[in-house]
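Please read the structure below before turning to the comments.
Taken together, the values in this text are just the output of simple stated rules run on the coordinates, not laboratory data. Just so it is clear, the structure is predicted and the values come from calculations on it, not from any experiment. Here the Cβ positions follow ideal geometry from the backbone for every residue, glycine too, while neighbour counts run over all protein chains shown.
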2 protein chains.
Amino acid sequence: MELTRRHALAGAAGFVAAPLLPAAPASSAAPIADKQAPSFYRYKVGDIQVTVVSDGKNVFKLEDSFIPNAKRDDVNAALEKAFMPRDMVSIYFAPLVINTGGKLIVIDTGNGALSKANSKGANGLFADNMAAAGFDPKNVDIVVISHFHTDHVNGLLTAEGMPAFPNAEVLVPATEWKFWMDDGEMSRAPAGRMQGLFKNNRNIFEAGLKKKVTPYEWGKEIAPSLTSVETVGHTPGHTSYVLASGSAKVFIQSDVTNNPNLFATNPGWHASFDQDGDVAEKTRRRIYDMVVAERLQVQGFHYPFPGLGNVVKDGNGYRVVPASWNPVI
Amino acid sequence: MELTRRHALAGAAGFVAAPLLPAAPASSAAPIADKQAPSFYRYKVGDIQVTVVSDGKNVFKLEDSFIPNAKRDDVNAALEKAFMPRDMVSIYFAPLVINTGGKLIVIDTGNGALSKANSKGANGLFADNMAAAGFDPKNVDIVVISHFHTDHVNGLLTAEGMPAFPNAEVLVPATEWKFWMDDGEMSRAPAGRMQGLFKNNRNIFEAGLKKKVTPYEWGKEIAPSLTSVETVGHTPGHTSYVLASGSAKVFIQSDVTNNPNLFATNPGWHASFDQDGDVAEKTRRRIYDMVVAERLQVQGFHYPFPGLGNVVKDGNGYRVVPASWNPVI
């Protein structure tokens, strides 16, 4: 091919141009890299620095039970509209590290070290990417948990079941804490996923953290510049946040939607992860109408990395307009 | 605030929760990082690995001359619609490093080392980010240039004016080469920007590279798996590419649009950078109609990093749907 190309060019171009080297050097065949760039991303909110730190992804086959109130063909149509493969679902995870200048705050902790092993490195990457971003978990002052699903709480413990943020106060939504720690709720929970979540939460918070947590209410400044916002439905105590500094603000939505290509586009769809689908949908519409009206930037835990964007109305749903990546800060 | 919060929570929550530590440790006040993540991103096209390597950005005040055939109010409306600041233009630069397994290919080279100094590190970052991605410029076999604007060719030379890719063959569009090396064209070029471009190109290709380049024609496989595509207007020899491996394909658009938030949304707008605005617009519409019809992924040099996406029709223009960031490869 080299010869053919050079021959064609030499003939057609009508002028002489000397190749730099008569023969290609033996420097070629550089090995193909097997690692993605460390997936963290920094931005400022007023005086505060946010670092989005990817925990990786989970890719699984689309089952009809994933969105019980949507037709499979409609889900596939939404996937195709978003240029995602049919019959597959991709879910991304993005905890945050927030440096207020005085406090180092983590919001949600990803799938944890055991999931890293079980997923063969597809997720559970928060600790690795946090280290790549230059953060030492020992320096974290406050860990804020939005709700008690495995992809948010499992990173609270190391592979050995010890606190992953040994010097941090762990803040949890009071309503969430009450629900998952209630023995009656646990005994009434359906077998399977819900029973598994109860057991997992007991393991994390009782065996791991020895119940050393600080529950928080909604509508309070629970950490410097960080105000909790009630966004229930996904779980009984599901919480979002407003991070504000000066006139700058970002709405940290947690799981108000999962992947926005499915659930912002179709706010009426109820993911199987939503404990109360009707309430979750009401919350989703209320919050998205609010962020649209206020032109408020949104940071989404399950948005594709780095997960910062604005929301616009689009047809019967919403669309996330990703913020342009800033290559220098 | 800590006391207030704890007091409020202790009263309201109705249960006891012990804080992990009675007093916050002195580990806080981690310094706020002053560096963005190294901005490179890898993806596969069939068996081939593409690494998008950011060269940084250029942010400047919107002048009426920037888009001579658009009203300032309309440009500001487009900026607002894209959640970008009014009266400011942000331009991003993203050269590519393509590893075919046999050859290491660079497409376009960014603003170069001198611009890094002049812009105080806002751009000219290709060499740094390429190193962060693990590439040694000495191992590059082929450098492909799309057209002869400074942000594409200046990275061909080091700060000392030496070839930045000392072992690489440099491929240039034959028509582009002919135009910029033609003394008649140079003498007839308007003073100011066009004269400056001619001088810059003479410096790069004559003083720096000693004319050691290989011109290429359109519609040829100019490097393994890389086919040149005529997309003139932006410059007389402006070139795009199809990178194909197996059934996978990506369209590397070069400067068919600049920032898509302005020029995909409004394909009729003529950026001052477009040497022949009418021809550039025709090319833009032709190419975008093609990539929409073929659902072909597009890699854009001036798209916000990492610059991979699909194009959809939207109103009277087009909209880029960014590909979801893959945190593991």
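Near B:Lys282, which lysines are there with a Cα under 24 Å away, not counting those fewer than 8 places off in the same chain?
B:Lys71, B:Lys178, B:Lys220, B:Lys249, B:Lys313
Relative contact order, percent, of chain A when contacts are C-alpha pairs under 8 Å separated by at least 6 residues?
16 percent
Please report the antiparallel percentage of DSSP beta bridges with both residues in chain B, rounded to the nearest 5.
Around 75 percent antiparallel, to the nearest 5.
Compute the angle between helix B:193-202 and the longest alpha-carbon principal axis of chain B, please, reported from 0 to 90 degrees and rounded to the nearest 10.
80 degrees
For a quick check, take a GNM of chain A with Cα springs below 10 Å and name the residue from A:Gly208, A:Gly155, A:Gly315 with the largest mean-square fluctuation.
Between A:Gly208, A:Gly155, A:Gly315, it is A:Gly315 that shows the largest mean-square fluctuation.
Name the residue farthest towards the positive end of the dipole of segment A:208-329 from the options A:Gln275, A:Ile329, A:Asn258, assuming +1 on Cβ of Lys and Arg, -1 on Cβ of Asp and Glu, about the Cα centre.
Farthest towards the positive end: A:Ile329.
Extent of segment B:199-323 along each principal axis, from alpha carbon coordinates, in Å, largest to smallest?
Principal axes ranked by extent give 47, 38, 25 Å for the Cα atoms.
Work out the mean other chain Cβ neighbour count within 10 Å for the residues of B:193-205 and drop it here as an integer.
For peptide B:193-205, the averaged partner shielding equals 0.
Which ³J(HN,Hα) values in Hz, rounded to whole numbers, follow from the phi angles of segment B:240-251 under the Karplus curve 6.51 cos²θ - 1.76 cosθ + 1.60, where θ = phi - 60° and Gly and Pro get x?
My calculation for segment B:240-251 gives 10, 8, 10, 9, 9, 8, x, 8, 8, 8, 9, 9 Hz in order.
Which of A:Phe263, A:Phe251, B:Phe179 comes first, and how do the rest follow, when ranked by fewest Cβ neighbours within 10 Å?
In order of increasing Cβ crowding within 10 Å: B:Phe179, A:Phe251, A:Phe263.
Can you sort B:Lys35, A:Lys220 so the residue with the fewest Cβ neighbours within 10 Å comes first?
B:Lys35, A:Lys220
In whole angstrom, how far apart do the alpha carbon centroids of segment A:116-147 and segment B:41-69 sit?
Between the Cα centre of segment A:116-147 and that of segment B:41-69, the gap is 30 Å.
Rounded to whole Hz and in sequence order, give me ³J(HN,Hα) for segment B:209-222 from the Karplus expression 6.51 cos²θ - 1.76 cosθ + 1.60, θ = phi - 60°, writing x for Gly and Pro.
Karplus values, whole Hz, x for Gly and Pro: 9, 6, 6, 7, 9, 10, x, 10, 8, 8, x, 10, 7, 7.
Tell me, what ³J(HN,Hα) does each residue in segment A:269-286 have, in order and in whole Hz, if you take phi through Karplus 6.51 cos²θ - 1.76 cosθ + 1.60 with θ = phi - 60° and put x for Gly and Pro?
Each residue's phi maps through the Karplus curve to give 7, 10, 5, 4, 6, 6, 5, 10, x, 5, 5, 4, 5, 4, 4, 4, 5, 4 Hz.
At A:Met88, label 7 Å along Cα→Cβ: distances to the other copies, nm, ascending?
Once sorted, the set of distances for A:Met88 reads 3.8 nm.
At q = 0.10, 0.15 Å⁻¹, what is the base-10 log of I(q)/I(0) for segment A:57-190 according to the Debye formula with one equal point scatterer per Cα and no solvent? Please give it to two decimals.
Taken in order of the listed q values, log10 I(q)/I(0) reads -0.44, -0.88.
Could you work out the mean count of beta carbons from other protein chains within 10 Å of each residue's beta carbon in B:213-222?
Counting other chains' Cβ atoms within 10 Å and averaging over B:213-222 gives 5.
What is the gain in length, in nm to one decimal, between B:Ala159 and B:Asp183 on full extension, counting 0.36 nm per residue of separation less the C-alpha to C-alpha distance?
In short, 6.0 nm is gained.
Each label point is 7 Å from the Cα along the Cα-to-Cβ direction; what then is the distance between the points at A:Arg72 and A:Arg202, in nm?
Placing both labels 7 Å beyond Cα along the Cβ direction yields 3.7 nm.
Find the all-direction average of the projected area of the Cα convex hull for chain A, expressing the result in square nanometres with one decimal place.
22.7 nm²
What residue among B:Glu230, B:Glu160, B:Glu169 has the largest mean-square fluctuation in a Gaussian network model of chain B, using Cα springs under 10 Å?
B:Glu160
Kindly provide the helix-only [θ] at 222 nm of chain A, computed as the sum of -39,500 (n - 2.57) over DSSP H runs of four or more divided by all residues, to the nearest 500 deg cm²/dmol?
My calculation for chain A gives -7000 deg cm²/dmol from helical runs alone.
What is the residue of chain A with the smallest Cβ distance to the axis taking A onto B, and what is that distance in whole Å?
A:Pro322, 3
May I ask you to derive the relative contact order of segment B:241-329, considering only C-alpha pairs under 8 Å and at least 6 residues apart, and to give it as an integer percent?
Rounded, it is 30 percent for segment B:241-329.
Between B:Phe83, B:Phe135, B:Phe126, where does the largest GNM mean-square fluctuation fall for chain B, given springs only between Cα atoms within less than 10 Å?
B:Phe83
Report, in whole Å, the centroid distance computed from the Cα atoms of segment A:185-201 and segment B:283-318.
47 Å
Give me Rg/Rg_expected for segment B:127-254, where Rg uses Cα atoms only and Rg_expected = 2.2 N^0.38 Å with N residues.
Normalised Cα radius of gyration, segment B:127-254: 1.09.
For segment A:37-322, what is the charge dipole size about the Cα centre, in debye to the nearest 20, if Lys and Arg each add +1 at the Cβ and Asp and Glu each add -1 at the Cβ?
320 debye
Find the Cα radius of gyration of segment B:84-131, compare it with 2.2 N^0.38 Å by division, and give the number to two decimals.
1.43
When the convex hull of the Cα atoms of segment B:131-184 is projected onto a plane and the area is averaged over all directions, what value comes out in nm²?
4.6 nm²
For the protein assembly as shown, take N as its residue count and report Rg(C-alpha) divided by 2.2 N^0.38 Å.
1.03
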